[in-house]
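Novice: Below is a structure I'd like to ask you about.
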Amino acid sequence: MSTRNAFAREGQTGDSDAALARLSGTLDMAIERLERARPFAKARYQGPVLDVLGRIIAQPGGLGVVRQRAPRMDAAGLFAGSDWDRPEVLLPQLVGATLMSEDPAFQALETASLARFLAVADGEARHDNLHQEGARHFLTQVLALNLKDLFGVPDEAARALGSRYELKRRVLGHIADHVGLNDVLSVLVSEIWRLLEQRSIQVGVVKDMIAQIAIALNEKGTAPGSTRLGAERLVSALFGPTTASRDDPGLEVYLDRLSVADESGLSREAMGFARAMHDTGLVSDYHAVFLTWALDYGERPLIPEALGLGSTGLDCWRHYRGLIEKLVRSAVSPATPQAAYGLAMLLERGILHHAPMVPALERQLSLSLQGAARDRIALGFVPAVPPETQLLAGVLQVLGQPLGVGQGANPTCQSARAIAMWALNDPDYLLHLITQMAEYDTLQMQFEGTPINSADLPLGLAGPGPIDADPVSVLLVAHLDRIYAEMGRLCAGRTGDPHTWINPQFHGWWVSRDCAVAVDVATGKLAGYEDFLRRFFAAYHPDYNGGRPLGHPQPAGIAVTDAQQTFVGWHAIAILRVSEDQAGRMRVYFYNPNNDSGQDWGNDVVVSTSGHGERYGEGSLEFEAFLSRVYLFHDEPLRSRYGQEIPADLIRTARDQALASWAADRQPEPAPEGT
Amino acid sequence: MTEKNPEKGYVALLGWSLNAIDAVDRFDRRYVVVAPPWAEDYCKQNDIPFVPWDFDRLNERSHELAHQLDDMGVDVAIPIFEETVEWAGAVNAVLLKNPRLLGQAMLFRDKSLMKRRAQLGGIRVGVFEEAHDRGDVIRFLKRVNQTLLKLDGDPNDPIHFKAFDKSGTAGHRVIRTPEDVDNIPDEEFPALLESHLDGWEFAVEAWIKNGKIQFLNISEYVTLGYSVFVPATPELEAHRERITEEIEKLIEVFDIDFGFIHPEYFLTSDNKLYFGEVAYRPPGFNALELIERAYGFNGYQGLVLAFDPKTTQEELDAFFPEEVVDARGHAGCFGVYPRRRVVSRLEVPEETANHPYFEFHELSDPREQKVAKRSAFGTHWGLAYFFGDNAHDLRDLLKRQEELDYYI
């Protein structure tokens, strides 16, 4: 598709040329003042720059001026003190609204920020926390999320916004001119598939992107080809997965159609929904109303077909039909369609056969949210359904897709990981915690015999907690975070990494009691690193641990690095299993509470999320590559000897990769180390 | 922090001003900020040298501050706000071993004493009186208008009311009727009352060292409380010689050896210069910034040079450009007040936004939709800045802004 015509170079005439030249001069003066200012005085000089920017971007050719100066404005401190100062954490889904902000300063700030991404993406500038690919990826996502405004004929609402909307279109057009739109759709489609394969619980952004694609396909059409096919598969899964819903007729018309459908037609509908759902992990609104409708359809049960149940799921259906029907009725609605997928996967896991689960879910069905817990859920989700429905839907999703739990944009990887591991391992315990929170607004735990009551504790790292996560996380994380912090305080004074004691106490008996740490906590330098590496082999590698598979997920700490191998920070993950992939290479499969596991950690250490034997939600790396980023893991204390027979070259591979990246400046002095 | 020159003076800034700190941090003199304790964390985080101090009423503790600064090796204190002028006087009396400096500072802080001292020194001032209550104000208003041979029912000529110890337009009211008198709050007494002078109002910023003027700027007011620009129009600059003489009189009468003064004058239609008042601190309305825009030097750094006893004449000559001829253009600013009773948003008027002289604004977003009725001159909601070659065009442009709505 050609967008060059649509966004032909912004024409310039003599008058506007002169105005632009003059404004550019004023901008340079304002930037110089900002550059001169000390860091503590930047704020005062940002406003004038933004003010001039606001006028420049309204001029023909103004966006080019902004792009030229973007890296300089960034370096001068235009973004200092705001979220925009950290481009690596900016969310592409927020850009569209900011570009149309009522406050021209925000429009200018967002435009300048995008111009900086453009300069980095074009290779004209470098940024410490932003690499070229990352910048390009971000811009592609921005375009993808705003396709409608790029192509679409503005609707009434957009027209009412006047110049604000016009600016957004011009900025998007300018980006498209530079990044190229030809591959936005195909990048977008493959990006969506990549995300879907991880089966995150939160699919809001993906659904938004698919909606944008639907509009773009409708407005513009595309050349036939695999991109179009993939795009249409996504669009139909969401807006018309079955024969009777193909034309996206609206829920009421659809229900009318169901009421006159014959037996085989209904069966086709049910199977169509199931196929689309298991294909994408997305649940159409039509699917949700179909399930509710099917509850009252007396002729025969359609639910198992519509959930696409396999043998385990069907077995659960036969045993617990009453409970399952209640769950559908209470949790699945057009506001919470994804609960259907959660339920299907929950049944497929067979966990209803675990004795405490049925009563625990019955309790969940009768739960009434109180006080602050109720307010939090109400704050985080649309009010179309009661908070209890949101929470129940969230419970089904977390239990059905444990590895789909994500931390959102919050520093709460520990808590997200705990929720995922309990959902995987201890589902009835998780439901117990949810009940405590929902009814009493507190969590009670123990640390080595000392009782901890979260309601008595000060706020943790996450403050009042996330609202951009799944309902279970929204409910629990703020309190888990406090408990985690309290356990840290109780470890004060002990030598060694506090996770040694916190992890088993926080998560459960199944976390191994011994803990190996690669760095000395006090100095941050590597300590006994070779020994550490050997021990990891002996604990986790089937060839060196006597062929014992990992029983329970084990928390571990990794040193996250970016694509340039620069150390980014410590991060909590969980090791799930270690086994050979299709090609016979030993891989570690792990859970990363980060919302997107597919990350490039530099030097070909690229976390794979599909294609190497991963199950939904797993990330994986080859054993040595994974080990090179581990800095903390748990191990059984009773293991007497380990790692004697491990070939030196395997250890060296992992060691070299670590030293080339996060551990580069952590070598202890004097140089020779270890045993 | 810029490399500091240990051979040069060590200055203390009295009062919290980020602009001043920013400028001085970039200058070659060692410095310390003396400000209320709430600034402490901020200073720690930003490596700003800091001494916590409460500047309430001047009291016996001024000696304590002076000795603390003396022990640190500080050479001189620079007042940043009206409220710290007498503190600086008290501190400098100790640091520079010159007790007279405290008395001098008290003169600057009391508008009535200041005016009498000027009058005694032969400087022309308007009719003025002190007011301790509303009755004094009514009496003055009546007497001034009787003198002007007004008949009952004629509109009164206004008088000016200035709280003794407030700076700039804060506490400055124009009084025309007894009703205006009722609106004066109790805490603004005692105050200085002045007759209204019709004429050309302007201010001067003068950096002084060794009793000599090092740089003299004339700031032309377009409308008091709204707009000002530098350098002034050629018509006003034509009086520069006389104005310089007036400033020299001030230096003599107030016995000023060093520092910075900011006096205000009226040039009346009969071509006489009347002294209004003088402050021993940087002016409001960001006048130093306008001077920097026009001349390229930083006024706060100029202040440091003027106060530092270790500054040489060569340094001063190198630092300050030549008045008027070295200006790159005329820089002005306009203080924006909302004109409507209810406003919902900020929108720079189109004709302003498109004017080649308009540079940028620092206007705040309307936080409350209801506009407080202006008593006194009040506080503007921010400044809009302009810059251009022609002083007359700039003056007319600034005047024009008064008729435009920035908040709608």
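The values are calculated or read from the model by the stated rules, or taken from the named source; none is laboratory data. Remember, it's a predicted structure, so these values are computed and weren't measured experimentally. In this analysis, Cβ positions are derived from the backbone assuming ideal geometry, glycine residues included, and neighbour counts consider all displayed protein chains. Protein only, heavy atoms only, side chains kept; ligands, DNA and RNA dropped before computing areas. Shrake-Rupley method; radii C 1.70, N 1.55, O 1.52, S 1.80 Å.
Novice: Within the range A:404-418, does at least one residue satisfy the condition of being more than 11 Å from A:VAL477 (Cα to Cα), buried (at least 24 other Cβ atoms within 10 Å of the Cβ), in contact (Cβ under 8 Å) with a residue 24 or more places away in the chain and over 15 Å from the mean Cα position of the chain (by Cα)?
Specialist: Looking for residues that are more than 11 Å from A:VAL477 (Cα to Cα), buried (at least 24 other Cβ atoms within 10 Å of the Cβ), in contact (Cβ under 8 Å) with a residue 24 or more places away in the chain and over 15 Å from the mean Cα position of the chain (by Cα), one finds none in the range A:404-418, hence no.
Novice: Which one of these is open to solvent by 20 Å² or more (accessible area, probe 1.4 Å), modelled with pLDDT of 80 or more and touching a Phe, Trp or Tyr at 6+ places or on another chain (Cβ under 6 Å): B:GLU129, B:GLU179? Steps first, answer last, please.
Specialist: Working: B:GLU179 fails: touching a Phe, Trp or Tyr at 6+ places or on another chain (Cβ under 6 Å).
After ruling out the rest, the residue left standing is B:GLU129.
Novice: Would you confirm whether or not the range B:276-284 contains a residue that is within 30 Å of B:PHE254 (Cβ to Cβ), surrounded by 13 or more Cβ atoms within 10 Å (Cβ to Cβ) and free of Cβ contacts under 8 Å to residues at least 40 places away in the same chain? Working first, answer last.
Specialist: Our first condition is that a residue be within 30 Å of B:PHE254 (Cβ to Cβ); within the range B:276-284, this holds for B:276-284.
Now narrow it down to the ones that are surrounded by 13 or more Cβ atoms within 10 Å (Cβ to Cβ): B:276-284.
Now restrict to residues that are free of Cβ contacts under 8 Å to residues at least 40 places away in the same chain: none.
No - not one qualifying residue is present in the range B:276-284.
Novice: Here's another thing I want to ask about it. What are the pairs with Cβ atoms under 8 angstrom where one residue, in the range A:28-40, is more than 7 Å from chain B (Cβ to nearest Cβ) and the other, located anywhere, is among the aromatic types (Phe, Trp, Tyr) and in a helix (DSSP H, G or I)? Sequence gap at least six, or different chains.
Specialist: A:ARG33/A:TYR45; A:LEU34/A:TYR45
Novice: Can you go through A:LEU255, A:LEU291 and tell me which one is hydrophobic (A, V, I, L, M, F, W, C) and more than 22 Å from A:MET345 (Cα to Cα)? It would help to see each step written out before you state the result.
Specialist: Values: A:LEU291 fails: more than 22 Å from A:MET345 (Cα to Cα).
A:LEU255 is the lone residue from the list that is hydrophobic (A, V, I, L, M, F, W, C) and more than 22 Å from A:MET345 (Cα to Cα).
Novice: A further question follows. Consider A:ASP428 carefully, then state whether it is modelled with pLDDT of 95 or more and over 26 Å from A:TRP570 (Cα atoms).
Specialist: Spelling it out, A:ASP428 is indeed modelled with pLDDT of 95 or more and over 26 Å from A:TRP570 (Cα atoms).
Novice: Checking the condition open to solvent by 30 Å² or more (accessible area, probe 1.4 Å) and in a loop (DSSP other than H, G, I, E, B), which residue from B:GLY103, B:GLY122 passes? Give the steps one after another, and end with the answer.
Specialist: Numbers: B:GLY103 fails: in a loop (DSSP other than H, G, I, E, B).
It is B:GLY122.
Novice: Follow-up question, since we're still on this one. So B:ALA20 clears everything in (1) part of a loop (DSSP other than H, G, I, E, B); (2) within 14 Å of chain A (Cβ to nearest Cβ) except one condition, right? Which one?
Specialist: Condition (1) is where B:ALA20 drops out.
Novice: In the range B:264-275, how many are touching a Leu at 6+ places or on another chain (Cβ under 7 Å) and either at pLDDT 95 or above or open to solvent by 20 Å² or more (accessible area, probe 1.4 Å) (or both)? Outline the logic, then answer.
Specialist: The initial filter retains those residues of the range B:264-275 that are touching a Leu at 6+ places or on another chain (Cβ under 7 Å), namely B:265-268, B:273-274.
The next check asks that each one be either at pLDDT 95 or above or open to solvent by 20 Å² or more (accessible area, probe 1.4 Å) (or both); those that pass are B:266, B:274.
Residues meeting the conditions: 2.
Novice: Sort through A:ALA559, A:ALA527 and tell me the only one that's more than 30 Å from the chain's Cα centre (by Cα) and crowded, with 18+ Cβ neighbours inside 10 Å.
Specialist: Working: A:ALA559 fails: more than 30 Å from the chain's Cα centre (by Cα).
Among A:ALA559, A:ALA527, only A:ALA527 is more than 30 Å from the chain's Cα centre (by Cα) and crowded, with 18+ Cβ neighbours inside 10 Å.
Novice: Now for a separate question. Which condition breaks for B:ASP25 when tested against (1) crowded, with 16+ Cβ neighbours inside 10 Å; (2) under 27 Å from the mean Cα position of the chain (by Cα); (3) away from every other protein chain (no Cβ under 11 Å)?
Specialist: Unmet for B:ASP25, out of (1) crowded, with 16+ Cβ neighbours inside 10 Å; (2) under 27 Å from the mean Cα position of the chain (by Cα); (3) away from every other protein chain (no Cβ under 11 Å): (3).
Novice: Sticking with this structure for a sec: Considering only the range A:32-56, state which residues are surrounded by fewer than 18 Cβ atoms within 10 Å (Cβ to Cβ) and either touching a strand residue (DSSP E or B) at 6+ places or on another chain (Cβ under 6 Å) or aliphatic (A, V, I, L, M) (or both).
Specialist: Once the filter is applied, which keeps residues that are surrounded by fewer than 18 Cβ atoms within 10 Å (Cβ to Cβ) and either touching a strand residue (DSSP E or B) at 6+ places or on another chain (Cβ under 6 Å) or aliphatic (A, V, I, L, M) (or both), the range A:32-56 yields only A:ALA43.
Novice: Among the residues of the range B:37-48, is any open to solvent by 10 Å² or more (accessible area, probe 1.4 Å), within 14 Å of chain A (Cβ to nearest Cβ) and assigned to a strand (DSSP E or B)?
Specialist: no
Novice: Which condition number in (1) crowded, with 22+ Cβ neighbours inside 10 Å; (2) outside any helix (DSSP H, G or I) is the one that A:LEU475 fails?
Specialist: (2)
Novice: Further question: Here is a list of conditions, (1) modelled with pLDDT of 95 or more; (2) under 20 Å from the mean Cα position of the chain (by Cα), and A:LEU392 meets all of them except one; can you say which number that is?
Specialist: (2)
Novice: I would also like to ask the following. Right, A:ILE483: under 25 Å from A:GLN390 (Cβ atoms) and either open to solvent by less than 20 Å² (accessible area, probe 1.4 Å) or hydroxyl-bearing (Ser, Thr, Tyr) (or both) or not?
Specialist: On the way: under 25 Å from A:GLN390 (Cβ atoms): yes; either open to solvent by less than 20 Å² (accessible area, probe 1.4 Å) or hydroxyl-bearing (Ser, Thr, Tyr) (or both): yes.
Spelling it out, A:ILE483 is indeed under 25 Å from A:GLN390 (Cβ atoms) and either open to solvent by less than 20 Å² (accessible area, probe 1.4 Å) or hydroxyl-bearing (Ser, Thr, Tyr) (or both).
Novice: For the range A:4-22, indicate whether the set of residues that are within 14 Å of chain B (Cβ to nearest Cβ), buried (at least 17 other Cβ atoms within 10 Å of the Cβ) and either part of a loop (DSSP other than H, G, I, E, B) or modelled with pLDDT of 90 or more (or both) is non-empty. Lay out the reasoning, then the answer.
Specialist: If we filter the range A:4-22 for residues that are within 14 Å of chain B (Cβ to nearest Cβ), which is where we start, we get A:15-22.
Checking which are buried (at least 17 other Cβ atoms within 10 Å of the Cβ) leaves us with A:19-20.
Still in the list and also either part of a loop (DSSP other than H, G, I, E, B) or modelled with pLDDT of 90 or more (or both): A:20.
Yes, some residue in the range A:4-22 is within 14 Å of chain B (Cβ to nearest Cβ), buried (at least 17 other Cβ atoms within 10 Å of the Cβ) and either part of a loop (DSSP other than H, G, I, E, B) or modelled with pLDDT of 90 or more (or both).
Novice: Residues A:SER333, A:SER264: which one is assigned by TED's automatic domain parsing to the domain that holds A:ASP247 and part of a loop (DSSP other than H, G, I, E, B)?
Specialist: Numbers: A:SER264 fails: part of a loop (DSSP other than H, G, I, E, B).
Answer to the check: A:SER333.
Novice: Return the residues of the range A:579-598 that are surrounded by fewer than 19 Cβ atoms within 10 Å (Cβ to Cβ) and part of a loop (DSSP other than H, G, I, E, B); say none if nothing qualifies. If you could, list the steps in order and put the result at the bottom.
Specialist: First, the residues of the range A:579-598 that are surrounded by fewer than 19 Cβ atoms within 10 Å (Cβ to Cβ): A:579-586, A:596, A:598.
The answer is A:ASP581, A:GLN582, A:ALA583, A:GLY584, A:ARG585, A:ASP596, A:GLY598.
Residue by residue, here is whether (1) surrounded by 15 or more Cβ atoms within 10 Å (Cβ to Cβ); (2) under 29 Å from A:ALA105 (Cβ atoms) holds:
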site: B:TYR300; (1), (2): yes, yes
site: B:PHE307; (1), (2): yes, no
site: B:GLN313; (1), (2): no, no
site: B:PHE319; (1), (2): yes, no
site: B:GLY332; (1), (2): yes, yes
site: B:PRO338; (1), (2): yes, yes
site: B:THR352; (1), (2): yes, yes
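Novice: Starting from residues that are touching a residue at least 40 places away in the same chain (Cβ under 8 Å) and over 29 Å from the mean Cα position of the chain (by Cα), keep the ones in the range A:245-288 and report whichever is least open to solvent (accessible area, probe 1.4 Å).
Specialist: Filtering first and then ranking leaves A:SER245.
Novice: When you look at A:LEU343, is it part of a helix (DSSP H, G or I), modelled with pLDDT of 95 or more, in contact with a helix residue (DSSP H, G or I) (Cβ under 9 Å, 6 or more places away or on another chain) and open to solvent by less than 20 Å² (accessible area, probe 1.4 Å), yes or no? Let's see the steps before the verdict.
Specialist: Working: part of a helix (DSSP H, G or I): yes; modelled with pLDDT of 95 or more: yes; in contact with a helix residue (DSSP H, G or I) (Cβ under 9 Å, 6 or more places away or on another chain): yes; open to solvent by less than 20 Å² (accessible area, probe 1.4 Å): yes.
It is true that A:LEU343 is part of a helix (DSSP H, G or I), modelled with pLDDT of 95 or more, in contact with a helix residue (DSSP H, G or I) (Cβ under 9 Å, 6 or more places away or on another chain) and open to solvent by less than 20 Å² (accessible area, probe 1.4 Å).
Novice: Among the numbered conditions (1) open to solvent by 20 Å² or more (accessible area, probe 1.4 Å); (2) more than 25 Å from A:GLN364 (Cα to Cα); (3) part of a helix (DSSP H, G or I); (4) of a type in the set (Ser, Thr, Tyr), tell me where A:TYR297 comes up short.
Specialist: (3)
Novice: Next question. List, please: which pairs have Cβ atoms under 7 Å, are six or more places apart or on different chains, and start with a residue in the range B:333-358 that is under 20 Å from A:GLU102 (Cα atoms) and end with one that is basic (Lys, Arg)?
Specialist: From the range B:333-358, the pairs are B:VAL342/B:LYS370; B:ALA353/A:ARG55.
Novice: Under 7 Å between Cβ atoms, at least 6 apart or on separate chains: pull out the pairs that start in the range A:93-109 with a residue that is in contact (Cβ under 8 Å) with a residue 60 or more places away in the chain and within 14 Å of chain B (Cβ to nearest Cβ) and end on any residue that is buried (at least 18 other Cβ atoms within 10 Å of the Cβ) and part of a helix (DSSP H, G or I).
Specialist: Qualifying pairs under 7 Å: A:SER101/A:GLN107; A:GLN107/A:GLY54; A:GLN107/A:LEU99; A:GLN107/A:LEU167.
Novice: Mind telling me which of the residues B:ASP28, B:ASP56 ends up being under 20 Å from B:ASP110 (Cβ atoms) and without any contact (Cβ under 8 Å) to a residue 60 or more places away in the chain?
Specialist: Working: B:ASP28 fails: under 20 Å from B:ASP110 (Cβ atoms).
Selected residue: B:ASP56, the only one of B:ASP28, B:ASP56 that is under 20 Å from B:ASP110 (Cβ atoms) and without any contact (Cβ under 8 Å) to a residue 60 or more places away in the chain.
Novice: A further question follows. Considering each of A:LEU576, A:LEU550, A:LEU632, A:LEU638 in turn, give the residue that is within 21 Å of A:SER512 (Cβ to Cβ), assigned to a loop (DSSP other than H, G, I, E, B), touching a residue at least 24 places away in the same chain (Cβ under 8 Å) and among the hydrophobic types (A, V, I, L, M, F, W, C).
Specialist: On the way: A:LEU576 fails: assigned to a loop (DSSP other than H, G, I, E, B); A:LEU632 fails: assigned to a loop (DSSP other than H, G, I, E, B); A:LEU638 fails: touching a residue at least 24 places away in the same chain (Cβ under 8 Å).
The match here is A:LEU550.
Novice: Considering the range A:530-556 alone, what residues qualify as being of a type in the set (A, V, I, L, M, F, W, C) and within 21 Å of the chain's Cα centre (by Cα)?
Specialist: A:ALA556 - this is the single residue of the range A:530-556 that is of a type in the set (A, V, I, L, M, F, W, C) and within 21 Å of the chain's Cα centre (by Cα).
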